[in-house]
Amino acid sequence: MKNEKMGAVFLVGAGTGADDLITVRSLALLQSADAVVYDNLSSAVLLGECKAGAEKIFAGKIPGKHSVSQEKINEILIQKAKEGKTVVRLKGGDPFVFGRGGEEAAALSAAGVPYALIPGVTSAIAVPELSGIPVTHRGVARSFRVITAHLADSLCDDYFSRFANDGTETLVFLMGVEASAQISRGLIAGGMSAQTPVAVIERGSTPQSRRIDATLGTLTAEIERALVHSPAVIVVGKTAAFHFVSADCALSALKIGVAGTKQLVEKQRRAFLGAGADVFCAPFVKIEPNETALSALFASGFSHFDWVIFTSSAGIELFFDRLAQSALDMRSLSHLKFCTVGKASAKTLRARGFIADFVPENAGVKSLAESFAKIYGKTAKSVLAVRAEEGSAELNRVFEAAKIPFCDAHIYKTAADSELLSLFAQNACALDFVAFSSAFAVRAFFAFCRSHRINALKDSAKIVCIGLSTLGECAKEIGEARCILSKEHTAESMVQALIAAAEKTLGK
């Protein structure tokens, strides 16, 4: 009789390491899984997509360190499924390209556990492509072959000689850095020219990605000279001479890091991608609701207020989410007028069914407070300011000076996700630009870098900021000359500011 409590296992390819190269189907499964068994190639950002309460189990293999055996991994998958859970086995690249997905599928089948296979973007094709190398090209390479060199220490040069060709079949070696000398000797011994083009791509699809060009004869010397370390992909053949990198888009070939909340980072990611940039996201800013403040606010109602001021999109989302859970409905807000800190937050409010009655001409809390006081200071009877615990004191100063009655409702606070912040800090030194949308994010980033003795940014890197307070924090850290202020609090405005800065820097 079928076990009705039996769960299922999904063998999911996470892609090459960049969190936005996971497939739509894979992401949907990851977001709904009860348990995620992941390896060390999985992005920390991807793990942040797991639903609340999902069990996360590390089962990676780290060279030179204790690793979880494949047999143990199989046991974990079977056990979790038998507990009735939906399990995602999150594997780097594609489960069936040197990912031992076949072994896991066989073990699950033998145990009678339902499973499904979800393809992923393999580094064998994606990493060369991101570096401008097509693994096939008409009139140059008719086919390509993917080869693992992971066990090369137990293989002789003759093993590699069998793959020798005239350069018209592209050879892609995974896990081949330590075996580069054997690869080179074996292919040359098999008849390949020592002048055959070779490209080594280290840490492909990450901010620290770099490409080293060589020939088959100079491969090992170039790897040693450049101090290349795993993970890296080695491409051998005529196609390795290609370097297709678009220069037509405004931000082509520029590496841009985007830091902030998950929702804000996603908006900015799309905007920067549309301008051709290589975008690396760091949604390390978390919004933590203040349950006490929220409960008190909705228990008292809003009848005694005539204005509500929102200083962030995060506050708007949290406010209306709680309204939907409360005993109140939209009618309880019908008498209110709304003010937002900028156009982006006004757009967020509009999506919730309300049009902002006042948006300051210049975005920012100080501008909001001063312009509101000037226009509505004498008519506003009671103002509700919905914002973060660490909100700017400028609003308090201006409203108190103007004698505007207001209630300061600190319904949330911002905090940093240490794992995602660490990931961003370790990669930020490779970026050309960083986009910050809050002073908190700037403080958290540079404080983390100082405490962990990490070189935060390279000397040529610049920061594009939203808001004067954010600009001020950045200027303290790297000097005002390297800071760029976005005219508006929108992703599109940040892109335009960055394009202008890039054109000036590159002399376009």
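The values are calculated or read from the model by the stated rules, or taken from the named source; none is laboratory data. A quick note: this is a predicted structure, and the numbers were derived from the prediction, not measured. Cβ sites come from the backbone with ideal geometry, for glycine too, and all protein chains shown count toward neighbours. Heavy atoms of the whole protein, side chains included, go into the accessibility calculation; ligands, DNA and RNA do not. Shrake-Rupley method; radii C 1.70, N 1.55, O 1.52, S 1.80 Å.
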Mind pulling up the Rg/Rh value for the chain? Radius of gyration and Kirkwood radius, both on Cα. 1.05
Helix-only mean residue ellipticity at 222 nm for the chain, each DSSP H run of n ≥ 4 adding -39500 (n - 2.57), per residue, nearest 500: -10500 deg cm²/dmol
To the nearest 20 Debye, how big is the dipole of the chain about its Cα centre, given +1 on the beta carbon of each Lys and Arg and -1 on that of each Asp and Glu? 760 debye
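I need to check one value: relative contact order of the chain, counting alpha carbon pairs closer than 8 Å and at least 6 residues apart, in percent.
Working: 1018 pairs, mean separation 53.8, N = 508.
About 11 percent, as a whole number.
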Going down the table (Lys255/Lys476; Lys366/Lys504; Lys255/Lys504; Lys51/Lys85; Lys5/Lys80), which pairs top 21 Å between alpha carbons? Lys255/Lys476; Lys366/Lys504
When the chain is fully extended, how far beyond the present Cα-Cα distance does Gln31 get from Asn455, taking 0.36 nm per residue of separation? 149.3 nm
Heavy-atom accessible area per residue - the chain, 1.4 Å, Å²: 47 Å²
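Could you work out the relative contact order of segment 319-361, using alpha carbon pairs under 8 angstrom and six or more residues apart, expressed as a whole percent?
In percent, rounded to a whole number, it is 36.
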Sorted by average packing, counted as other Cβ atoms within 10 angstrom per residue and highest first, what order do 217-223, 447-453 take? 217-223, 447-453
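Go through 11-18, 113-120 and give me the packing order, highest mean Cβ count within 10 Å leading. All intermediate terms of the calculation are to be shown ahead of the outcome.
Details: 11-18: 27.5, 113-120: 18.9.
The most tightly packed comes first, giving 11-18, 113-120.
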Using alpha-carbon coordinates, inclination of helix 291-300 to the longest axis of the chain, degrees: 40 degrees
Rounded to a whole number of µm²/s, how large is the Stokes-Einstein D of segment 451-504 at 10 °C and 1.306 mPa s, given Rh as the Kirkwood radius over C-alpha pairs? 135 µm²/s
Relative to the longest principal axis of the C-alpha atoms of the chain, give the angle of the C-alpha long axis of helix 101-110, reported between 0 and 90° and rounded to the nearest 10°. 90 degrees
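Quick one: compute the contact order of segment 363-472, relative version, from alpha carbon pairs under 8 angstrom and 6+ residues apart, as a percent. The partial results should precede the final answer.
Details: 130 pairs, mean separation 27.0, N = 110.
Here the relative contact order equals 25 percent.
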Residue-count net charge about Asp278 - beta-carbon cut-off 10 Å; Lys, Arg +1, Asp, Glu -1: 0
Size of segment 105-205 as Cα extents on the principal axes (Å, biggest first): 52, 33, 25
Within straight cross-link reach of Lys378, meaning Cα distance under 18 Å, which lysines are found once same-chain residues fewer than 8 apart are removed? Lys337, Lys403
